[in-house]
Amino acid sequence: MHKQLISAKELQSLVSEGHIVVLDARYSLTDPNAGYQQYKNGHIPGSLFLFQGSDLCSTPTGSNGRHPLPNPQELKQRLLNAGITPNSHIVVYDADTSTFSVRAWWVLKWLGFSNVSVLDGGMQSWLNINGNLSKGEGKTLGQLVSSNKNKFTPQMPTVNASQVLNSIDTNRFKLIDARNTERYAGQTEPLDPVAGHIPGALNRPISANLNSNGTFKSAQQLKNEFNQLLSNTPANQVVHYCGSGITACHNLFAMELAGLNGSFLYPGSWSEWCSDKNRPVATGTS
């Protein structure tokens, strides 16, 4: 089993040795083309670019959130067609805070690719050690060449809106909202039509998982902080959400680093939740 988090120095050694798959997952929520432009301007040698808005998502319908999960059979087949196998050691990176690389990490794990690592500190950490860069179009995932009708068995747990709604009354789950405090409180909402949060949800902005240089805090520190936040609620009773299911993966990943394994992702997140006016909405921070 490979490490879930690796340093730039460790990645540099792995790249020089070969036998590794490197994926560039840079993205901007406000400019979908920014990530690929950054990739063309300079990427870790040999890395393949993943389009966050298309490779790692399916088409929004207005009621399934802004970044719905991709078709699993199709994406898995495209990865296999690109020579990436469930046994490949995959390292994913983004620009700096791992916001988008952990979404890719989660999707890959969900598909059954078990040996996935995240570059701690992202591209910025690579630049900090003067790592080599390649420029140009590079490599992207091809279109689906052959269809795969095999049954899909997800390897990471999820919940849907109905399960979250039922949990409000039953307290089956403890929810963690990964958005910044202003959005959680309903003071501002730049992306979705309704402001606020799911009733009963706790707030942990993803910046709380990081050191000042964009690397993750130690496993022990993360464990202490999550246990305090959750009052030692078991991980398999925790659900993560955010605006659209991307940044929620950051808290989920941080819990995994802390050894708090098995928490759930609510993929539709707030953008799906608030699309139905019958679902309850809370505001404020208390």
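Between 0 and 90 degrees, the angle of helix 8-17 with respect to the longest Cα principal axis of the chain falls at about 40 degrees. When the Cα atoms of the range 1-85 are aligned to their principal axes, the ranges along those axes come out at 45, 28, 22 Å in descending order. Averaging the sequence gap over all C-alpha pairs within less than 8 Å and six or more residues apart, then dividing by the number of residues, gives the range 76-149 a relative contact order of 40 percent. Among the listed pairs 3/135; 40/139; 174/223; 9/223; 3/217; 9/109, which have their C-alpha atoms separated by more than 20 angstrom in this model? In this structure, 3/135; 9/223; 9/109 exceed 20 Å between Cα atoms.
Between residue 9 and residue 58, what FRET efficiency comes out of the Förster formula 1/(1 + (r/R0)^6) with R0 = 30 Å and r the beta carbon distance, rounded to 0.05? Step by step, r from the Cβ atoms, then E = 0.25. A viscosity of 1.306 mPa s and a temperature of 10 °C, combined with the Kirkwood radius over C-alpha pairs in the Stokes-Einstein formula, give the range 116-170 a diffusion coefficient of 93 µm²/s. Restricting the range 163-207 to trypsin sites (Lys or Arg not before Pro) that sit in a DSSP loop and have at most 15 other Cβ atoms within 10 Å of their own Cβ leaves 172. Hey, if you put +1 on the Cβ of every Lys and Arg and -1 on every Asp and Glu Cβ in the range 149-220, which of 216, 150, 206 ends up farthest toward the positive end of that dipole? Of the candidates, 150 comes out farthest on the positive side.
Considering every pair of different Cα atoms, what Kirkwood radius, in Å, is found for the range 68-122?
When all Cα pairs of the range 68-122 are included, the Kirkwood radius is 11.5 Å.
Angle of helix 161-170 to the longest C-alpha principal axis of the chain, folded into 0 to 90 degrees and rounded to 10: 40°. Relative to the longest principal axis of the Cα atoms of the chain, helix 248-257 runs at roughly 70 degrees.
Per residue, the convex hull spanned by the Cα atoms of the chain amounts to 130 cubic angstrom. Once the 1.4 Å probe is applied to the protein heavy atoms, the range 1-132 comes out at 39 Å² accessible per residue.
Could you work out the relative contact order of the range 1-106? I mean the mean sequence separation of Cα pairs under 8 Å and 6+ apart, divided by the number of residues, in percent. Intermediate results must be reported in sequence, preceding the final value.
Details: 116 pairs, mean separation 34.3, N = 106.
Relative contact order, the range 1-106: 32 percent.
Based on the Kirkwood radius over alpha-carbon pairs, what value in µm²/s does the Stokes-Einstein equation return for the translational diffusion coefficient of the range 161-238 at 4 °C and 1.567 mPa s?
Values: Rh = 14.0 Å.
Rounded to a whole number, D works out at 93 µm²/s.
Solvent-accessible area assigned to carbon and sulfur over the chain amounts to 46 percent, based on a 1.4 Å probe. Under the Kirkwood approximation for Rh and a Cα-based Rg, what ratio Rg/Rh is obtained for the range 1-159? We get a ratio of 0.95 for the range 1-159. This model, with +1 at the C-beta of Lys and Arg and -1 at the C-beta of Asp and Glu, gives the chain a dipole about its Cα centre of some 400 debye. Per residue, the average separation of C-alpha pairs within less than 8 Å and at least 6 apart gives the chain a relative contact order of 22 percent. A convex hull fitted around the alpha carbon atoms of the range 195-260 yields 93 Å³ per residue.
Quick one: Cα centre-to-centre distance for the range 4-47 and the range 150-198, in angstrom? The range 4-47 and the range 150-198 have Cα centres separated by 29 Å.
Taking amide H atoms as placed 1.01 Å from N in the peptide plane, the amide H of residue 245 lies under 5 Å from those of 270, each 5 or more residues away in sequence or on another chain. Each residue of the range 121-135 was assigned a 3J(HN,Hα) from its phi angle through the Karplus curve 6.51 cos²θ - 1.76 cosθ + 1.60 (θ = phi - 60°); the sequence is x, x, 4, 4, 5, 5, 5, 5, 9, 6, x, 5, 10, 10, 10 Hz, with glycine and proline shown as x. What the range 188-280 shows is 37 Å² of accessible area per residue, with the surface traced by a 1.4 Å probe over protein heavy atoms.
Near residue 261, within a Cβ-to-Cβ distance under 14 Å, what is the net charge of the other residues, with Lys and Arg +1 and Asp and Glu -1?
Spelling it out: positives minus negatives among the neighbours equals +1.
Volume of the convex hull of the range 147-188 (Cα atoms only), normalised per residue: 158 Å³.
Hydrodynamic radius of the range 98-251 by the Kirkwood approach over all distinct alpha-carbon pairs: 18.1 Å. In this structure, the amide hydrogen of residue 196, modeled 1.01 Å from its nitrogen in the peptide plane, lies closer than 5 angstrom to those of 186, counting only residues at least 5 positions away or on a different chain. When DSSP beta bridges are restricted to pairs lying wholly in the chain, around 10% turn out antiparallel.
The values are calculated or read from the model by the stated rules, or taken from the named source; none is laboratory data. Computed from a predicted structure; not experimentally measured. Here the Cβ is made from the backbone with ideal geometry for all residues, glycine too, and neighbour counts use every protein chain on show. The protein model used for the area step is the full one, side chains on, heavy atoms only, and it has no ligands, DNA or RNA in it. Shrake-Rupley method; radii C 1.70, N 1.55, O 1.52, S 1.80 Å.
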